[in-house]
Amino acid sequence: MNDLIIKQGKLINGQIVDILVRDSKIVAIGPDAAKEQQATKTIDLKGQLYISAGWIDAHTHCYPESPIYFDEPDLAGASCGVTTLVDAGSVGADDIDHFFAITRKVKTNVYSLLNIAKTGIIAQNELADMQQIDDASLQKAIADHPEFVVGIKARMSKSVVGENGITPLVKAKEMQKKSGLPLMVHVGNNPPNLDDIADLLTKGDIITHCFNGKPNRILDDNGNLKPSIQRALARGVILDVGHGGESFSFKVAEQAMRIGTYPDIISSDIYHKNRINGPVYSLAFVMTKFLCMGFSIQQIIDCVTKKAADLLHLKGKGYLDVGMDADFTIFDLKEERTELSDAEGEVRFGSHKFVPVVAIVGGKAIVSTESESEYAIDL
């Protein structure tokens with residue numbers, strides 16, 4: 001007996017498949033996988049709704065106790081069709097135990113990119129005091145939570161580092177060597193300059209806010225990639241969108257993609273304020289912006305599933321394959337004129353939008369608050 005059968009789900013390539021779930025894992029997938037099979041629960045999509053591996057939002061702020069950037073994991077996650085959240089530095093070593101305990105009680109999968117400042121983001125300038133960067137406490141937190149902490153985070157902008165310039169990043173790279181975990185680096189207003197940041201990064205490191213419109217952006221005044229970014233990408237450095245309230249420009253993204261520079265990961269940088277008031281609203285809304293800019297549906301889905309899972313080494317996530325975790329996003333691509341704004345007030349209009357309908361996490365279904373009554377399916 002299976003725990004769950006999903007019948008007649010539509011893949012992005014148009015193929016219609018059934019998916020069988022047992023013990024929170026995919027045990028079969030294919031056009032006739034449900035034939036002569038039984039399950040405790042069956043969800044029939046009738047070939048009308050899309051299904052993909054569960055969406056992963058690789059840059060969020062979902063520690064509810066954070067004083068600045070906070071949210072409830074299930075409001076930013078499963079309620080928005082997202083099965084996995086990666087919190088990007090809200091928490092440092094001081095609060096990692098508490099954050100971990102909270103995440104065991106929610107429906108959404110949650111992981112942490114540990115802030116190199118032991119305090120996490122309890123103030124905007126967590127890296128202005130080098131005493132907050134404590135290697136021993138960071139290494140202990142990683143060792144204590146090997147399945148939860150999937151990387152480290154350093155915010156490298158003037159408001160965060162104060163007079164310390166590039167020094168916190170130099171320290172972060174030293175600390176990173178002991179674990180080998182990915183390092184995500186926030187790029188904002190300089191100093192430090194982007195060139196100095198990029199030249200320190202190595203294969204697997206992540207530049208987030210990669211399409212920000214600030215002077216410290218990845219493009220030069222002629223719209224070309226800065227040489228330091230060209231060198232970083234050649235070394236295997238990863239580009240993450242990290243939209244946020246101040247860090248995404250349509251003009252920069254459009255020009256970058258015009259010259260062949262695409263994001264590896266599409267993420268939202270969501271927290272309560274930009275989820276409720278915009279311009280983020282949800283990962284689906286950010287994905288819709290890339291659809292509007294000409295990114296293919298398959299490229300977008302890959303950036304929030306297998307590429308995010310691979311680049312952050314999330315075991316069991318990101319793929320619709322036998323043996324993988326039973327995390328799915330059921331969604332529609334609705335034909336509807338949609339107004340889309342970036343972090344600088346620039347507006348574009350899309351003809352279609354992503355509408356998440358149901359998130360299924362470990363075989364358990366959660367209805368998206370973004371879906372409409374027309375998508376009511378029997379759960």
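The values are calculated or read from the model by the stated rules, or taken from the named source; none is laboratory data. The structure displayed is predicted, hence computed values, not measured ones. Here the Cβ positions follow ideal geometry from the backbone for every residue, glycine too, while neighbour counts run over all protein chains shown. Just the protein is used for accessible areas: all its heavy atoms, side chains included, with ligands, DNA and RNA removed. Shrake-Rupley method; radii C 1.70, N 1.55, O 1.52, S 1.80 Å.
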Selection from segment 1-15 of residues that are open to solvent by 50 Å² or more (accessible area, probe 1.4 Å) and modelled with pLDDT of 95 or more: ASP3, LYS7, GLN8, ASN13, GLN15
Scan of segment 296-331 for residues that are under 28 Å from GLY260 (Cβ atoms), open to solvent by less than 40 Å² (accessible area, probe 1.4 Å) and among the aliphatic types (A, V, I, L, M), ordered by number: ILE300, ILE301, VAL304, ALA308, ALA309, LEU312, LEU314
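Modelled with pLDDT of 95 or more, open to solvent by 10 Å² or more (accessible area, probe 1.4 Å) and more than 22 Å from GLY242 (Cα to Cα): does that describe ASP74?
Values: modelled with pLDDT of 95 or more: yes; open to solvent by 10 Å² or more (accessible area, probe 1.4 Å): yes; more than 22 Å from GLY242 (Cα to Cα): no.
Considered against the rule, which asks whether it is modelled with pLDDT of 95 or more, open to solvent by 10 Å² or more (accessible area, probe 1.4 Å) and more than 22 Å from GLY242 (Cα to Cα), ASP74 comes out as no.
To keep it simple, each residue is scored yes or no on (1) of a type in the set (Asp, Glu); (2) outside any strand (DSSP E or B); (3) modelled with pLDDT under 95; (4) touching a helix residue (DSSP H, G or I) at 6+ places or on another chain (Cβ under 6 Å).
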{"position": "THR119", "(1), (2), (3), (4)": "no, yes, no, yes"}
{"position": "SER137", "(1), (2), (3), (4)": "no, yes, no, no"}
{"position": "GLU147", "(1), (2), (3), (4)": "yes, yes, no, no"}
{"position": "GLY151", "(1), (2), (3), (4)": "no, no, no, no"}
{"position": "ALA154", "(1), (2), (3), (4)": "no, no, no, yes"}
{"position": "SER159", "(1), (2), (3), (4)": "no, yes, no, no"}
Going through segment 138-175 in order, the residues found to be open to solvent by 30 Å² or more (accessible area, probe 1.4 Å) and under 26 Å from the mean Cα position of the chain (by Cα) are GLN139, LYS140, ALA143, ASP144, PRO146, GLU147, LYS158, SER159, ILE166, VAL170, LYS171, GLU174
Single match in LEU194, LEU225 (criterion: free of Cβ contacts under 8 Å to residues at least 60 places away in the same chain, open to solvent by 10 Å² or more (accessible area, probe 1.4 Å), out of contact with any Asp or Glu (no Cβ under 8 Å at 6 or more places or on another chain) and not basic (Lys, Arg)): LEU225
Helices (runs of 4 or more DSSP H) (entirely within segment 224-281) containing at least 1 residues that are in contact with a Lys or Arg (Cβ under 7 Å, 6 or more places away or on another chain) and not acidic (Asp, Glu): 227-235, 250-258
Output the number of residues of segment 259-298 satisfying the condition of being in contact (Cβ under 8 Å) with a residue 24 or more places away in the chain and closer than 22 Å to ALA232 by Cα. 8
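Which is over 18 Å from THR329 (Cβ atoms) and of a type in the set (D, E, K, R), of ASP18, ASP3, ASP44?
Just a single option satisfies the conditions, and that option is ASP3.
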Here's a check for you: in segment 262-275, which residue that is open to solvent by 10 Å² or more (accessible area, probe 1.4 Å) and in contact with a strand residue (DSSP E or B) (Cβ under 9 Å, 6 or more places away or on another chain) is farthest from GLY77 (Cα to Cα)? TYR262
